[in-house]
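Beneath this line is the structure, given in structure tokens, with notes to follow.
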Amino acid sequence: MTGDYDVLVIGGGPAGSVASVAAARSGAKTAVIERYGFLGGSLTAAMVAPIMGFHAGDLQVVRGIPDEIVERMKGLGATPGHVPDPVDFCYTVTPFDYEGLKRVLLELAVESGADLWLHSIFLGADVQDGRVRSVRVWQKDGIKELRAPIYVDASGDGDLCAAAGVPFEIGRRQDGSPQPMTLMFRIGGVDWDPVMRYFADHDSELQHGQGVHPRIDLEWLRNLPIRGFAGFKGLIADARARGEWTIPRDRLLVFEGVRPGEAVVNTTRVPGRLGIRGSDLAQAELEGRKQAYEVMAFLQRRVPGFAKSYLLETPTQIGVRETRRITGDYVLQQDDILRGVKFPDAIACGGYPIDIHDPTSLPQRAPDFSQALTGDVRGLRIGGPQEYFAQGIDSGSRRS
């Protein structure tokens with residue numbers, strides 16, 4: 001696998017996987033460059049689950065290849081499909097089995113005819129006369145040079161765009177602080193019945209959502225295909241007072257897994273670290289794992305239904321919410337989102353709400369094509385949600 005391609009995709013996460021399959025199916029000679037031995041990016045390597053944003057109300061706004069992936073996973077028993085969000089934050093969530101998603105993404109890529117450059121790391125780009133002429137990729141047996149007329153930066157961090165000299169921003173405008181990182185983890189041995197009984201007796205401990213669903217109560221929650229909760233703020237406050245909780249987070253966020261007794265925990269928070277700085281990533285991994293063990297001990301000691309729970313799996317890497325935001329040909333403004341502006345060259349929709357995490361700890365928007373263009377560098381497109389440029393609040397929604 002050397003030489004020239006029609007399309008080169010940097011990064012095999014959700015955006016890169018879909019982009020490479022779409023390009024290859026159209027007849028383009030396509031390659032996807034991925035540093036790990038599997039595809040899926042944040043969904044598989046960082047274990048970010050469940051998937052969110054397929055629906056805006058009763059309307060499904062994400063279809064195409066992403067929905068094909070979900071249907072294939074359903075055939076493997078790796079997901080129940082799109083189900084109501086148990087924490088009432090989104091319209092639906094899509095729980096999935098990590099290994100099932102890895103399998104489906106690899107099979108789709110192979111079937112499409114795309115070349116999979118796994119265990120390959122993007123090193124840099126040769127830019128001449130405002131166009132990327134080639135990219136350098138590291139493999140165990142040496143550095144390779146690849147060329148294509150079209151490049152898709154789906155690295156999640158704007159690595160190719162930055163190497164090509166495309167302008168970008170990072171973090172809050174006043175101080176550059178990024179949103180905190182989170183190390184997800186998967187557990188087993190959860191008994192959900194005591195959890196539901198506890199909430200029945202301690203309603204204030206269950207954080208109610210944003211009113212997305214017309215009816216959310218314990219009976220509704222009990223009958224969902226997948227249960228979950230945000231809450232236990234009182235227990236955490238008490239544990240913090242006793243010195244048993246040091247994490248900069250005031251609640252637990254837990255989603256039931258696709259297998260009985262399993263759950264995914266989204267509770268750790270690692271602030272003040274930058275996801276494009278190697279030393280920061282290393283420290284974030286250490287802090288994230290330390291927090292995960294602390295959360296696990298708290299669950300076993302304090303939370304009803306979790307006394308016999310146990311740690312099943314931690315991710316290949318910590319989850320990074322925010323790095324570079326590329327300045328596209330058009331800069332999306334806060335007012336565009338608040339007024340629901342529709343663009344004539346819209347290319348995608350999503351149903352994930354605005355979700356900005358403090359650095360110290362609107363449905364059916366459609367990004368337009370000009371936001372995927374990089375201005376001064378021709379033939380380069382942006383594929384990952386973190387990399388799109390958005391002013392202010394929208395960056396907290398688009399990362400879904």
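The values are calculated or read from the model by the stated rules, or taken from the named source; none is laboratory data. In this text, all values refer to a predicted model and were calculated from it rather than measured experimentally. Quick reminder, even Gly has a Cβ in these numbers, built from the backbone with ideal geometry, and neighbours come from all protein chains shown.
In the condition set (1) touching a helix residue (DSSP H, G or I) at 6+ places or on another chain (Cβ under 8 Å); (2) at pLDDT 95 or above; (3) over 30 Å from residue 70 (Cα atoms), residue 194 is compliant with all but (1). Just wondering, is there one or more residues in segment 324-340 that are under 27 Å from residue 240 (Cβ atoms) and not in a helix (DSSP H, G or I)? Within segment 324-340 (the criterion being under 27 Å from residue 240 (Cβ atoms) and not in a helix (DSSP H, G or I)), the answer is no, since none of the residues qualifies. Scanning segment 224-262 for residues that are farther than 17 Å from residue 307 by Cβ, in a loop (DSSP other than H, G, I, E, B) and over 27 Å from the mean Cα position of the chain (by Cα) gives 242, 243.
For residues that are hydrophobic (A, V, I, L, M, F, W, C) and assigned to a helix (DSSP H, G or I), scanning just segment 84-116, find the one that is nearest to residue 49 (Cα to Cα).
This residue is 101.
Kindly establish whether residue 322 is crowded, with 22+ Cβ neighbours inside 10 Å, of a type outside the set (A, V, I, L, M, F, W, C) and at pLDDT below 95. Taking the combined requirement at face value, the residue satisfies it. If you go through segment 95-149 and keep only what is at pLDDT 95 or above, charged (D, E, K, R) and out of contact with any strand residue (DSSP E or B) (no Cβ under 8 Å at 6 or more places or on another chain), you end up with 97, 99, 102, 103, 107, 111, 140, 141.
For every residue, the table says whether it meets (1) outside the structural domain of residue 149 (by TED's automatic domain parsing); (2) at pLDDT 95 or above; (3) charged (D, E, K, R).
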| position | (1), (2), (3) |
| --- | --- |
| 1 | yes, no, no |
| 12 | no, yes, no |
| 19 | no, yes, no |
| 22 | no, yes, no |
| 27 | no, yes, no |
| 35 | no, yes, yes |
| 40 | no, yes, no |
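Collect the residues in segment 172-191 that are hydroxyl-bearing (Ser, Thr, Tyr) and modelled with pLDDT of 95 or more, keeping them in residue-number order.
182
Tell me which residues, restricted to segment 22-54, are of a type in the set (Val, Ile, Thr) and either over 18 Å from residue 94 (Cβ atoms) or part of a loop (DSSP other than H, G, I, E, B) (or both). Listed by number, the residues that qualify are 30, 32, 33, 44, 48.
Condition check: within 20 Å of residue 92 (Cα to Cα) and of a type in the set (Gly, Ala, Ser). Does residue 230 satisfy that? Yes. Mind checking whether some residue in segment 70-85 is crowded, with 22+ Cβ neighbours inside 10 Å and modelled with pLDDT under 95? Yes, the conditions are met somewhere in segment 70-85.
Out of everything in segment 93-120 that is among the β-branched types (Val, Ile, Thr) and crowded, with 22+ Cβ neighbours inside 10 Å, what residue ends up being nearest to residue 258 (Cα to Cα)? Per the criteria, the residue is 94. The set of residues in segment 127-159 that are in a strand (DSSP E or B) and either closer than 29 Å to residue 171 by Cβ or of a type in the set (Val, Ile, Thr) (or both) comprises 127, 132, 135, 136, 137, 138, 143, 150, 151, 152, 153. Being within 23 Å of residue 311 (Cα to Cα), over 27 Å from the mean Cα position of the chain (by Cα) and basic (Lys, Arg): is that true of residue 197 here? Judged against the criteria, residue 197 is not a match.
A single entry from 284, 241, 263 fulfils the requirement of being over 27 Å from residue 201 (Cα atoms), modelled with pLDDT of 95 or more and small (Gly, Ala, Ser): 284. For segment 238-247, the criterion of a residue being in contact with a Pro (Cβ under 9 Å, 6 or more places away or on another chain) and under 29 Å from residue 97 (Cα atoms) is satisfied by no position.
The set of residues from segment 140-156 being surrounded by fewer than 22 Cβ atoms within 10 Å (Cβ to Cβ) and not aliphatic (A, V, I, L, M) comprises 140, 141, 142, 144, 145, 147, 149. Only residues that are part of a strand (DSSP E or B) and over 30 Å from residue 193 (Cβ atoms) were counted in segment 263-297, giving 1. Evaluating residue 72 against the criteria (1) assigned to a loop (DSSP other than H, G, I, E, B); (2) over 30 Å from residue 139 (Cα atoms) leaves one unmet condition, (1). Please work out if residue 137 is surrounded by fewer than 22 Cβ atoms within 10 Å (Cβ to Cβ) and more than 20 Å from the chain's Cα centre (by Cα). For residue 137, the condition - surrounded by fewer than 22 Cβ atoms within 10 Å (Cβ to Cβ) and more than 20 Å from the chain's Cα centre (by Cα) - is met.
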